[in-house]
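The values are calculated or read from the model by the stated rules, or taken from the named source; none is laboratory data. Because the structure is predicted, anything quoted here is derived from the model rather than measured. For neighbour counting, all protein chains shown are included, and Cβ atoms are generated from backbone atoms with ideal geometry for every residue, glycine included. What goes into the accessible areas is simple: the full protein's heavy atoms, side chains included, and nothing from ligands, DNA or RNA. Shrake-Rupley method; radii C 1.70, N 1.55, O 1.52, S 1.80 Å.
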Amino acid sequence: MNKKLKAFALAFLLLTLVTGILLGFTLGLTHPLPWILIVALALVIVLNKKATDSQFVTWKDEYSVGIESIDNDHKNLLKLINQLQTSSLYYTGENFDKDALSELIDYTKFHFAREEKMMEEHGYPDFEAHRQQHRKMTDSVVRKVLEYEADSEKTVEDLLEYLKSWLINHINGTDKKYSSFLREKGVK
Ligand SMILES: [Fe+2]
Ligand SMILES: [Fe+2]
């Protein structure tokens, strides 16, 4: 079901429940129907919020690589992913989508350049393999963005899925390897 249809279905369900509650009260305060519908309404609201919240990424202390500037970059990247997620969920329009996308891509490139400079400066032995992972990721994202004009909704959804899993895995795996090497060399 596409985003607009989903939003319409939810609005219709909420409106039906509210109407049902109001009509239910005409049967009297002691009638169980309006109270059952109030519980159903609360349940729909809570479940919808839960489903929405679960699509956002949250920073966890276990993601820390122990280097402040890199942690701050990673936190910013998660923030930018969430910004794109907001655009995707609430259909804020093509301009918001495009701004969120380009901000995310620019910041990703800036962050990769910072990491690569640090690794190179300190003679990290797996530097080339790490840089290749960054290249592969940016190439995939740039290729995917080209599909935006043909199907904006699917492109953003696919990108979000890819970015969330790639970034968390990369921070927790590959980035932790070079960061422990740098920390041994005194980088904080
Ligand atoms: Fe990183
Ligand atoms: Fe990295």
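Restricting attention to the range 1-99, which trypsin sites (Lys or Arg not before Pro) occupy a DSSP loop and are surrounded by at most 15 other Cβ atoms within 10 Å? Spell out each step's value before the answer.
On the way: sites: Lys3, Lys4, Lys6, Lys49, Lys50, Lys60, Lys75, Lys79, Lys98; in loops: Lys60.
Within the range 1-99, the qualifying trypsin sites (Lys or Arg not before Pro) (loop, at most 15 other Cβ atoms within 10 Å) are Lys60.
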Measuring with a 1.4 Å probe in the full set of protein chains, what accessible area per residue, in whole Å², belongs to the range 102-158? 60 Å²
I'd like the accessible area for Val18, computed on protein heavy atoms only with a 1.4 Å probe and all protein chains in place. Round to 10 Å², please. 60 Å²
Probe of 1.4 angstrom, ligands and nucleic acids ignored: what's the accessible area per residue over the range 53-99, in square angstrom? 54 Å²
Cβ-placed point charges (K, R +1; D, E -1), dipole of the chain about Cα centre in debye, nearest 20: 460 debye
Working only with C-alpha atoms, what are the Rg and Dmax values of the range 3-53, expressed in angstrom? 12.5, 39
How large a share of the accessible area of the range 61-184, in percent, is made up of carbon and sulfur atoms when the probe is 1.4 Å and the other protein chains stay in place? 48 percent
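Out of the total accessible area of the range 3-53 (probe 1.4 Å, heavy atoms of protein only), what percent is carbon and sulfur?
Values: 3170 of 3820 Å².
In the range 3-53, the share of accessible area belonging to carbon and sulfur is 83 percent.
Can you work out D for the range 88-188 in µm² s⁻¹ from Stokes-Einstein, where Rh is the Kirkwood radius over C-alpha pairs, the temperature is 4 °C and the viscosity is 1.567 mPa s? Mind showing how you got there, number by number?
Numbers: Rh = 15.0 Å.
The estimated diffusion coefficient comes to 86 µm²/s.
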Please compute the modelled spin-label separation between Ser69 and Ile45, points set 7 Å along Cα→Cβ, answer in nm with one decimal. 4.7 nm
The chain: most fluctuating residue of Thr138, Thr30, Thr58 per GNM, C-alpha cutoff 10 Å: Thr30
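Which whole number in µm²/s is D for the chain by Stokes-Einstein, with the Kirkwood Rh taken over Cα pairs at 20 °C and 1.002 mPa s? Write down the numbers at each step before the final one.
Numbers: Rh = 19.5 Å.
Here the translational diffusion coefficient equals 110 µm²/s.
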Largest fluctuation, Gly20, Gly28, Gly93 only, Gaussian network model of the chain with Cα springs under 10 angstrom, belongs to Gly28
